[in-house]
1. Checking the structure you have, find out if any residue of region B:58-81 is among the charged types (D, E, K, R), within 10 Å of chain A (Cβ to nearest Cβ) and out of contact with any helix residue (DSSP H, G or I) (no Cβ under 7 Å at 6 or more places or on another chain).
2. Report whether or not B:Val25 is in a loop (DSSP other than H, G, I, E, B), surrounded by fewer than 22 Cβ atoms within 10 Å (Cβ to Cβ) and in contact with a Gly (Cβ under 8 Å, 6 or more places away or on another chain).
3. Got at least one residue in region B:69-90 being within 18 Å of A:Val25 (Cα to Cα) and either acidic (Asp, Glu) or within 12 Å of the chain's Cα centre (by Cα) (or both)?
4. Where the second residue is at pLDDT below 95 and in a loop (DSSP other than H, G, I, E, B) and the first is at negative phi and lies in region B:76-88, which pairs have Cβ atoms under 7 Å and are six or more apart or on separate chains?
5. Which residue, of B:Gly11, B:Gly46, B:Gly77, is in a helix (DSSP H, G or I), among the small types (Gly, Ala, Ser), modelled with pLDDT under 95 and over 15 Å from A:Asn66 (Cα atoms)?
6. Could you please find all residues in region A:29-57 being aliphatic (A, V, I, L, M) and more than 7 Å from chain B (Cβ to nearest Cβ)?
7. Out of the residues in region A:106-134 meeting the condition of being free of Cβ contacts under 8 Å to residues at least 24 places away in the same chain and in a helix (DSSP H, G or I), tell me which one is surrounded by the most Cβ atoms within 10 Å (Cβ to Cβ).
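The values are calculated or read from the model by the stated rules, or taken from the named source; none is laboratory data. Predicted, not measured: the structure shown is a model, and the values here were computed from it. FYI the Cβ positions are ideal-geometry reconstructions off the backbone, even for glycines, and counts take in every protein chain you see.
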There are 2 protein chains.
Amino acid sequence: MKKITTRIVLGIAALGLATSVCAQVKPEDQIKFRKAAYSFAAWNSGKIKANLEGTYDAAQVKAAANAIAGVANSGMGALFGPGTENAIGDQKTSVKPELFTNTPLIVKHSGDFATAANALVKAADSGDVAAVKAAYGDLGKSCKACHDDFRARN
Amino acid sequence: MKKITTRIVLGIAALGLATSVCAQVKPEDQIKFRKAAYSFAAWNSGKIKANLEGTYDAAQVKAAANAIAGVANSGMGALFGPGTENAIGDQKTSVKPELFTNTPLIVKHSGDFATAANALVKAADSGDVAAVKAAYGDLGKSCKACHDDFRARN
């Protein structure tokens, strides 16, 4: 029970739902910034994959893990505000409408993403390549689980 | 002298110039990812600014500082490879050609960005709002210095 509560609290924190201070961001910029964040995370994920499949550069993996954790812990929920359910002008979005109505599920996915990203940072810091591989696998699962539920284009 | 050497080493590391492992990223994706990274950093910078001007939420500032440091330490130099000097298809870029020829200056700016971002993380962790304000000012200076030299649209 404690574990579940911790995960929910982490999920809410990761989503930024509990933050009282929030810079006012226009809906079109929310879409722009959230796509930018996941795109930046994807680049860093690709670097970790390349390291695990090729020569392992511990410093690069640490930096990439921290970058992904930076995204996962940044309060991405603030970028899924009202009015961002559909494309605005040039800002397309692949988000499913369910994301805006199924709060418990998005809190769970957000918490899982933060948990997996933070575990990856710990593994990268340890220098244990097998641990990084396992943590990277878990991170991928957390990404896929959220995409399966909330991304129209997979 | 030692300080200068440290800054150069940090700059090279931050740029990713010294990394032997590098996921192959197409030039158009390099432009996409670098714009995404700076866009993500800009969103987090905006949150810190809003916190300093309004009610201060220590957790949000810490998360935002870590997000910016994640960008600054991610090896952005790998996203300024050959063939990314100009727009490719839909991927526009405001980079000046000088960035690709003046290596010492981009290494300096990159190192200054990483130094300022890491100092901001330390300040945010300390909970000293005046220190965060000063560190945030330094971060802004490092952004501006690089934009002045290497961004066509300011």
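1. Scanning region B:58-81, I find no residue that is among the charged types (D, E, K, R), within 10 Å of chain A (Cβ to nearest Cβ) and out of contact with any helix residue (DSSP H, G or I) (no Cβ under 7 Å at 6 or more places or on another chain), so the answer is no.
2. Yes; evaluated as a whole, the condition is true for this residue.
3. No, the conditions are met nowhere in region B:69-90.
4. B:Met76/B:Gly16; B:Gly77/B:Gly16; B:Gly77/B:Leu17; B:Ala78/B:Gly16; B:Ala78/B:Cys22
5. Of the residues listed, the single one that is in a helix (DSSP H, G or I), among the small types (Gly, Ala, Ser), modelled with pLDDT under 95 and over 15 Å from A:Asn66 (Cα atoms) is B:Gly11.
6. Within region A:29-57, A:Ile31, A:Ala41, A:Ala42, A:Ile48, A:Leu52 meet the criteria.
7. A:Ala119
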